[in-house]
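K.L.:
The structure under discussion is supplied below as structure tokens; questions concerning it will follow.
The values are calculated or read from the model by the stated rules, or taken from the named source; none is laboratory data. Since the structure is predicted, the reported quantities are computational estimates derived from the model, not experimental observations. A quick note on method: Cβ atoms are made from the backbone with ideal geometry, for glycine too, and the neighbour counts reach across all protein chains shown.
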Amino acid sequence: MEPLKQLIRTIPDFPKPGIQFRDITTLLQDPWGFKRAIDEFVTHYRYSPIDKVVAIESRGFVAGGALAHHLNCGMVMARKKGKLPWHVERQEYQLEYGTDCIEIHKDAIKAGERCLIVDDLLATGGTCRATCQLVERLGGKVVGCAFMIELAGLKGRSRLTGYDVHALVSYEGE
């Protein structure tokens, strides 16, 4: 997907020195680029039975909403702690220094529903893995994990062993 990769801006030393931040806002601003990204996801998942797209905060919401529309299914928001107004199920996960957590409304996923997890970026895989665990705890089945970008050097895919992982663009370095 080289044409999409050309639309992603790299910002050196953000948010801290040594990090190469992959910025999808330039891809989203480009009508052809955004359409092409969504079309690539739709093509990949068109024949997968999906009941819900579970989009991870916050940039995952952008692709998740468009993808749910095209796949004719519902969308669930996986949010950081304290952002959802109703009863939630919560999953903690490890960060480099400490923990964080992700939440989904308890009534967002019904038993047996087939869910596609969507986020903009796969780095270490912690947030996506926690989201998969939440979906499964609520009775759903994870049919795949979709990302616009994968930072292959951070080996996040290895934390998602057992799940179908699909990324539109991959970078070897961080």
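K.L.:
List the pairs whose first member sits in segment 95-123 and is in contact (Cβ under 8 Å) with a residue 60 or more places away in the chain and more than 19 Å from I50 (Cα to Cα), whose second member is surrounded by 14 or more Cβ atoms within 10 Å (Cβ to Cβ) and hydroxyl-bearing (S, T, Y), and whose Cβ atoms are under 9 Å apart, counting only residues at least 6 apart or on separate chains?
P.N.:
Between residues of segment 95-123 that are in contact (Cβ under 8 Å) with a residue 60 or more places away in the chain and more than 19 Å from I50 (Cα to Cα) and residues that are surrounded by 14 or more Cβ atoms within 10 Å (Cβ to Cβ) and hydroxyl-bearing (S, T, Y), there is no close pair.
K.L.:
Then there's this: Can you pull out every residue in segment 124-136 that is in contact (Cβ under 8 Å) with a residue 40 or more places away in the chain and either part of a strand (DSSP E or B) or of a type outside the set (A, V, I, L, M) (or both)?
P.N.:
First, the residues of segment 124-136 that are in contact (Cβ under 8 Å) with a residue 40 or more places away in the chain: 127-128, 131, 133-135.
Across segment 124-136, the qualifying residues are T127, C128, T131, Q133.
K.L.:
Yes or no: segment 104-113 includes at least one residue that is within 22 Å of R157 (Cα to Cα) and at pLDDT 95 or above.
P.N.:
Applying the first criterion (within 22 Å of R157 (Cα to Cα)) to segment 104-113 yields none.
Scanning segment 104-113, I find no residue that is within 22 Å of R157 (Cα to Cα) and at pLDDT 95 or above, so the answer is no.
K.L.:
Another question, if that's okay. Which ones in segment 93-103 are modelled with pLDDT under 95 and touching a strand residue (DSSP E or B) at 6+ places or on another chain (Cβ under 8 Å)?
P.N.:
Our first condition is that a residue be modelled with pLDDT under 95; within segment 93-103, this holds for 93-100.
Once the filter is applied, which keeps residues that are modelled with pLDDT under 95 and touching a strand residue (DSSP E or B) at 6+ places or on another chain (Cβ under 8 Å), segment 93-103 yields Y93, T99, D100.
K.L.:
Out of all the residues in segment 34-45, is one or more in contact with a His (Cβ under 9 Å, 6 or more places away or on another chain), at pLDDT 95 or above and among the β-branched types (V, I, T)?
P.N.:
Yes: segment 34-45 contains one or more residues that are in contact with a His (Cβ under 9 Å, 6 or more places away or on another chain), at pLDDT 95 or above and among the β-branched types (V, I, T).
K.L.:
Here is a list: G162, G139, G144, G82. Which entry is more than 23 Å from T26 (Cα to Cα), assigned to a strand (DSSP E or B) and modelled with pLDDT of 95 or more? First the steps, then the outcome.
P.N.:
On the way: G162 fails: assigned to a strand (DSSP E or B); G139 fails: assigned to a strand (DSSP E or B); G82 fails: assigned to a strand (DSSP E or B).
It is G144.
Here is a yes/no grid of residues against (1) in a helix (DSSP H, G or I); (2) touching a Pro at 6+ places or on another chain (Cβ under 7 Å); (3) surrounded by fewer than 19 Cβ atoms within 10 Å (Cβ to Cβ); (4) without any contact (Cβ under 8 Å) to a residue 40 or more places away in the chain:
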residue	(1), (2), (3), (4)
L4	yes, no, no, no
F14	no, no, yes, yes
P17	no, no, yes, yes
T26	yes, no, yes, yes
D39	yes, no, yes, yes
P49	no, no, yes, no
V62	yes, no, no, no
L67	yes, no, no, no
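K.L.:
If a residue must be among the β-branched types (V, I, T) and under 15 Å from C128 (Cα atoms), how many such residues does segment 60-84 contain?
P.N.:
Just the residues of segment 60-84 that are among the β-branched types (V, I, T), to begin with: 62, 76.
Okay, now just the ones that are also under 15 Å from C128 (Cα atoms), so 76.
Here the count works out to 1.
K.L.:
Being hydrophobic (A, V, I, L, M, F, W, C), closer than 19 Å to A66 by Cα and in a loop (DSSP other than H, G, I, E, B) is true for just one of A108, A167. Which residue is that? Break it down into steps so the answer makes sense when it comes.
P.N.:
Numbers: A167 fails: in a loop (DSSP other than H, G, I, E, B).
Just one listed residue meets the conditions, A108.
K.L.:
Of all residues in segment 126-169 being within 14 Å of the chain's Cα centre (by Cα) and hydroxyl-bearing (S, T, Y), which is surrounded by the most Cβ atoms within 10 Å (Cβ to Cβ)?
P.N.:
My answer is T131.
K.L.:
For the subset of segment 113-125 comprising residues that are surrounded by fewer than 23 Cβ atoms within 10 Å (Cβ to Cβ) and within 14 Å of C73 (Cβ to Cβ), which member is farthest from the chain's Cα centre (by Cα)?
P.N.:
Top of the filtered list is E113.
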